[in-house]
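Structure record follows, encoded as structure tokens.
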Amino acid sequence: MHDLKITPPSPPKKDYPIGIIGSGFIVSDCHLPSYRKAGYNPVAIASRTPESAAKTAARHGIPKVCSYAELLDDPTIEVLDIAVPPDAQLGLIEGACKRGTVKGILAQKPIGNDYAEAVRAVELCERAGITLAVNQNMRYDQSVRAAKSLLDQGALGMPVFASIDMRGIPHLMPWQEKLGWVTLRIMSIHHIDCLRYWFGDPERIYCSTRPDPRTKFAHTDGIATYILEYAGGLRCTVIDDVWTGPAREGCPADLGIRWRIEGLDGLAMGDIGWVKTPYTTPSSIRYAVKGDTAFHEPTWNESWFPDAFAGTMGQLLTALATGATPAISGRDNLKTMALVEAAYRSAAEHRAVALTEIHPGT
């Protein structure tokens, strides 16, 4: 059995004072439980709704509840954890950069409404000397990291084909209706970034979309299928299906997120636990290489939600402590944002779109 390294290294310094902006499910049920388990130091929280911030603070023992401005002005806060809708994120990053009080920012994905806003966020942080990292937390799902370990060790040989197949019905947020987004910037961004984590940057993407019949507000990106083409011949296909059949209208459901990597020397397959009930169900992996007589099926107790979130904050804390670039830096994440933008363009124009069309110099 291979060393799958599902647990990321612990930051050398954990006690950076963290100020959190946002108090919804992702903060209260994912960020804060994982931060407490990892020994991080959240000290203040602000939210659009003060009552929600106070409730989250009480639940997780955060000593200070404040307004956005008060948190941004607080010189004792060294790390800002932003967990607000995408259209509100850039303004908060601008405010933090203008004040220059924090050392690092962990921003949610997507960094902004589009690639142009993401570029502005990255450039603002670079000019202000603030380290920007992005909460692309699927990279810290345990089965995803296990697959990365196999790839890094060369166990599977040269990758030939990979796929991610999502049949899941996400909980739509009110701001999604305002922005007209369903899948590409919400779920597909995870899968595109995961494929970049495993294999690096593709040359181009071809995407086809249609509206989701269940979602009532106007949108184009309900069900998305796309292909990532790599220079060496690797092809990756993704199906992001938020319809999944009439699973909310009286039909039995078949939900899941499954991935597969086929190499010249081995095969790995995974099942993401987040889409199951409860959402804390661990993900899984099955893999075999040439010479094996059966699949290896290691297990673990950790789950994507909430345990992965210690990893995304941890990579920022590690960067601050060591002076290294975050594992998921804002600058690198521009390529993920560019591929999402390319997917929208591809679907609209019915053609493959190169990464360089959106992100020059790649």
key: Selection within the stretch 32-53 - closer than 23 Å to P11 by Cβ and not in a loop (DSSP other than H, G, I, E, B)   = L32, P33, S34, Y35, R36, K37, A38, N41, P42, V43, A44, I45
request  = Could you please let me know if P63 is surrounded by fewer than 20 Cβ atoms within 10 Å (Cβ to Cβ) and more than 14 Å from I18 (Cβ to Cβ)?
outcome  = no
query = Pick from A146, A162: which is among the small types (G, A, S) and outside any helix (DSSP H, G or I)?
reply = A162
task = Can you run down the residue pairs with Cβ atoms below 7 Å, 6 or more apart or on separate chains, where the first is in the stretch 292-305 and closer than 30 Å to C30 by Cα and the partner is in a loop (DSSP other than H, G, I, E, B) and among the charged types (D, E, K, R)?
result = W304/D141
key: Condition check for E349: in the same structural domain as H191 (by TED's automatic domain parsing) and closer than 30 Å to I130 by Cβ   = no
query = Taking the stretch 230-241, which residues are out of contact with any Ser or Thr (no Cβ under 6 Å at 6 or more places or on another chain) and buried (at least 16 other Cβ atoms within 10 Å of the Cβ)?
reply = Y230, L234, C236, V238, D241
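With respect to A53, determine if the residue is in contact with a Phe, Trp or Tyr (Cβ under 7 Å, 6 or more places away or on another chain) and closer than 20 Å to P85 by Cβ.
Answer is no for this residue.
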request  = Check the stretch 31-42 and report whether any residue there is of a type outside the set (D, E), surrounded by 18 or more Cβ atoms within 10 Å (Cβ to Cβ) and closer than 30 Å to G180 by Cβ.
outcome  = yes
request  = Please find, among E302, E262, the residue that is among the charged types (D, E, K, R), within 30 Å of K103 (Cα to Cα) and modelled with pLDDT of 95 or more.
outcome  = E302
message = Condition first: outside any strand (DSSP E or B), under 15 Å from I164 (Cβ atoms) and either β-branched (V, I, T) or touching a strand residue (DSSP E or B) at 6+ places or on another chain (Cβ under 6 Å) (or both). Now tell me which residues in the stretch 258-285 satisfy that.
response = V275, S283
Residue list for the stretch 187-202, filter: within 9 Å of the chain's Cα centre (by Cα) and either surrounded by fewer than 22 Cβ atoms within 10 Å (Cβ to Cβ) or hydrophobic (A, V, I, L, M, F, W, C) (or both) = M187, I189, C194
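The values are calculated or read from the model by the stated rules, or taken from the named source; none is laboratory data. On a predicted model such as this, the values are computed, not experimentally measured, just so you know. Please note: Cβ atoms are built from the backbone with ideal geometry, for glycine as well, and neighbour counts cover all protein chains shown.
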